[in-house]
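Colleague: Mind having a look at this structure? Questions to follow.
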Amino acid sequence: MDIKNFIRSFKPHVAPVSIAEKIRSALAAGVAMLLLGLALKFLPHFNYPMLMLGSMAASAVLLFAAPHSPMAQPWPLLGGHLVSVLAGWTCIQLIADPLLAAGCAVCLAIFLMHYLNCLHPPGGATALTLVLSSAQFHPMGWPWVTYIVAMNAGISLLLALLINNLMPGRHYPLPVHSHIQPVADPASETVVIEEPDIVWAASQIDSFVDISEEDLVMIYQLASRHAQRRYEQALNTSQPEKDN
């Protein structure tokens with residue numbers, strides 16, 4: 001292990017995001033939490049209170065500070081919290097030891113989110129909250145607990161759709177590109193993209209990207225090598241046909 005690089009890895013990774021964007025993100029998240037609280041306050045409560053979950057604050061960080069992250073998109077937000085309810089409630093019913101139940105709930109929540117392609121880190125907090133507050137949630141029954149989580153996540157999604165799309169330079173949810181046409185670049189054989197180029201490109205987006213510039217450079221290099229191998233394999237496959 002390179003000790004010097006290991007120590008350097010503890011240094012903060014500075015995101016190329018303008019101060020204006022940072023202020024907008026913070027204000028948007030704060031307004032969203034206020035509106036979420038007001039909405040929950042006026043929803044029908046019936047026999048039990050309509051609670052605001054602490055995990056929604058973690059979701060707000062993704063929704064308003066990193067809205068272009070794959071983990072901040074609608075399906076991860078809704079699916080991640082709802083499958084985490086299933087994980088937390090199942091562990092409450094089957095495991096008496098709260099510490100063991102907490103570990104199993106988070107473990108099961110992550111597996112389900114991964115399996116269903118809805119990985120959303122705050123979902124783990126939702127599963128843990130159900131276990132740690134089982135004395136409060138257990139008398140409510142799973143339908144009411146699911147309703148609480150669904151309302152928290154659903155209103156958060158509506159606020160993200162409204163607030164993010166009113167802010168300049170943001171498009172939420174992230175558009176899905178079914179196919180990206182390759183662009184011919186006559187200089188591609190001589191021009192090599194380096195880390196400063198990645199940093200500059202990221203600064204033009206003016207939004208937090210949850211991957212480091214070093215990782216982006218590595219992805220580009222791996223993709224370039226893969227494309228080169230694919231090109232060579234295609235060339236070798238077509239060569240006998242030309243010879244005939």
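Colleague: Quick check on my filter: what residues within segment 30-76 are surrounded by 17 or more Cβ atoms within 10 Å (Cβ to Cβ) and basic (Lys, Arg)?
Modeller: Result: no residue meets the conditions.
Colleague: If you don't mind, there's one more thing I want to ask. Could you grab me the full set of residues in segment 1-37 that are more than 30 Å from Pro196 (Cβ to Cβ) and not small (Gly, Ala, Ser)?
Modeller: Those that are more than 30 Å from Pro196 (Cβ to Cβ) and not small (Gly, Ala, Ser): Leu27, Val31, Met33, Leu34, Leu35, Leu36.
Colleague: Something else: Go through segment 1-87 and tell me which helices (runs of 4 or more DSSP H), entirely inside it, have 1 or more residues that are under 19 Å from Met113 (Cβ atoms) and in contact (Cβ under 8 Å) with a residue 60 or more places away in the chain.
Modeller: It comes to 55-65.
Colleague: Here are the criteria: (1) at pLDDT 75 or above; (2) outside the structural domain of Val31 (by TED's automatic domain parsing); (3) in a helix (DSSP H, G or I). Tell me which single one Leu216 does not satisfy.
Modeller: Among (1) at pLDDT 75 or above; (2) outside the structural domain of Val31 (by TED's automatic domain parsing); (3) in a helix (DSSP H, G or I), Leu216 violates only (1).
Colleague: Hey, does segment 112-134 have a residue that's in contact with a Phe, Trp or Tyr (Cβ under 8 Å, 6 or more places away or on another chain), farther than 26 Å from Pro49 by Cβ and either modelled with pLDDT of 95 or more or polar (S, T, N, Q) (or both)?
Modeller: Checked against the condition, which is being in contact with a Phe, Trp or Tyr (Cβ under 8 Å, 6 or more places away or on another chain), farther than 26 Å from Pro49 by Cβ and either modelled with pLDDT of 95 or more or polar (S, T, N, Q) (or both), segment 112-134 yields at least one hit.
Colleague: Continuing with the same structure: For segment 7-16, indicate whether the set of residues that are exposed (fewer than 14 other Cβ atoms within 10 Å of the Cβ) and closer than 22 Å to Leu132 by Cα is non-empty. Even if it seems obvious, please write down each step before you answer.
Modeller: Start the filter on segment 7-16 by keeping residues that are exposed (fewer than 14 other Cβ atoms within 10 Å of the Cβ), which leaves 7-14.
Pick out the ones that are also closer than 22 Å to Leu132 by Cα and you get none.
Within segment 7-16 (the criterion being exposed (fewer than 14 other Cβ atoms within 10 Å of the Cβ) and closer than 22 Å to Leu132 by Cα), the answer is no, since none of the residues qualifies.
Colleague: I would also like to ask the following. Among the listed residues Ile198, Ile163, which satisfies the condition of being in contact with a Phe, Trp or Tyr (Cβ under 8 Å, 6 or more places away or on another chain), modelled with pLDDT under 90 and in a helix (DSSP H, G or I)? Give the derivation first.
Modeller: On the way: Ile163 fails: modelled with pLDDT under 90.
Result: Ile198 is the single residue among Ile198, Ile163 that is in contact with a Phe, Trp or Tyr (Cβ under 8 Å, 6 or more places away or on another chain), modelled with pLDDT under 90 and in a helix (DSSP H, G or I).
The values are calculated or read from the model by the stated rules, or taken from the named source; none is laboratory data. Note that the coordinates shown come from a computational prediction; the quantities given were computed from them, not determined experimentally. Note: ideal-geometry Cβ built from the backbone for every residue, glycine included; neighbour counts use all protein chains shown.
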